[in-house]
Amino acid sequence: MTTDTGLDADLGWALGTVFRTYVKAADAVISGLPGGPRGFQILAAAMQETPANQGAIARQLGIDRTVMTYLVDDLVGLDLVERQPDPSDRRNRRVVATAHGREVWARLQDRLARVEQHVLAALGDDAERFRDLVGRLAVALGNDGDRIMETCAAVEELGPL
């Protein structure tokens, strides 16, 4: 356990600083995409080998279903994704990247990889490990509202200062 004090020992400050630095640089890369970062994340989800339906993607990304509809509509309008019937449940529509969407995603992904390299450059050889750990943590935490409530309950159990 560390005995450091001050901002450099504050996880919230550290995560916020890294996040703001990444978002500022990434926004410059994806600024032309409808929905910005959310549009890119939807496009990335549409690249999966077995694309998910709109509702599942909205839950995974923490996007309101109504907002998700508008974002997908915008991406469809630019021929980046298309809605296809889900073979397992024809009432659902899967969001699938088009050929043009795949090209755009590959170009943006390459540019975002350079942004990541720049942001994580100070970590040197630890950059890939950091990225892997943050990815694992994000998957473990998910974007589940119940998980947020569990976290709030855990904090309440700690009691007042």
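A compact table of results
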item: Cross-chain or 6+ apart pairs with Cβ under 8 Å, region 29-51 first and farther than 14 Å from Gly101 by Cα, then in a loop (DSSP other than H, G, I, E, B); result: Arg38/Ile63
item: Helices (runs of 4 or more DSSP H) contained in region 1-87 and holding at least 2 residues farther than 30 Å from Ala127 by Cα and in contact with a Pro (Cβ under 7 Å, 6 or more places away or on another chain); result: 65-77
item: Gln48 being closer than 19 Å to Leu112 by Cβ and at pLDDT 90 or above; result: no
item: Lone qualifier among Ile42, Ile30, Ile63, Ile57 - being of a type in the set (Val, Ile, Thr) and touching a Phe, Trp or Tyr at 6+ places or on another chain (Cβ under 9 Å); result: Ile30
item: Selection within region 64-92 - within 28 Å of Leu141 (Cα to Cα), crowded, with 16+ Cβ neighbours inside 10 Å and modelled with pLDDT of 90 or more; result: Met68, Leu71, Val72, Leu75, Val81
item: Flag for Ala122 being in contact with a Leu (Cβ under 9 Å, 6 or more places away or on another chain), without any contact (Cβ under 8 Å) to a residue 60 or more places away in the chain and either of a type in the set (Gly, Ala, Ser) or in a loop (DSSP other than H, G, I, E, B) (or both); result: no
item: Filtered residue count, region 101-133, keeping only those that are closer than 13 Å to Met47 by Cβ and either over 21 Å from the mean Cα position of the chain (by Cα) or β-branched (Val, Ile, Thr) (or both); result: 1
item: Counted residues, region 19-33 - those being over 15 Å from Ala106 (Cα atoms) and either in contact with a Gly (Cβ under 8 Å, 6 or more places away or on another chain) or among the acidic types (Asp, Glu) (or both); result: 1
item: Enumeration of residues in region 28-44 that are farther than 14 Å from Val76 by Cβ and either of a type outside the set (Val, Ile, Thr) or modelled with pLDDT of 95 or more (or both); result: Ala28, Ser31, Gly32, Gly36, Pro37, Arg38, Phe40, Gln41, Ala44
item: So Asp110, is it over 23 Å from Phe130 (Cβ atoms), out of contact with any Cys (no Cβ under 6 Å at 6 or more places or on another chain) and not aliphatic (A, V, I, L, M); result: no
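The values are calculated or read from the model by the stated rules, or taken from the named source; none is laboratory data. What you see is a predicted model, and the numbers here were worked out from it, not measured in a lab. Positions of Cβ are generated from backbone atoms using ideal geometry, with glycine treated the same way; all protein chains shown enter the neighbour counts.
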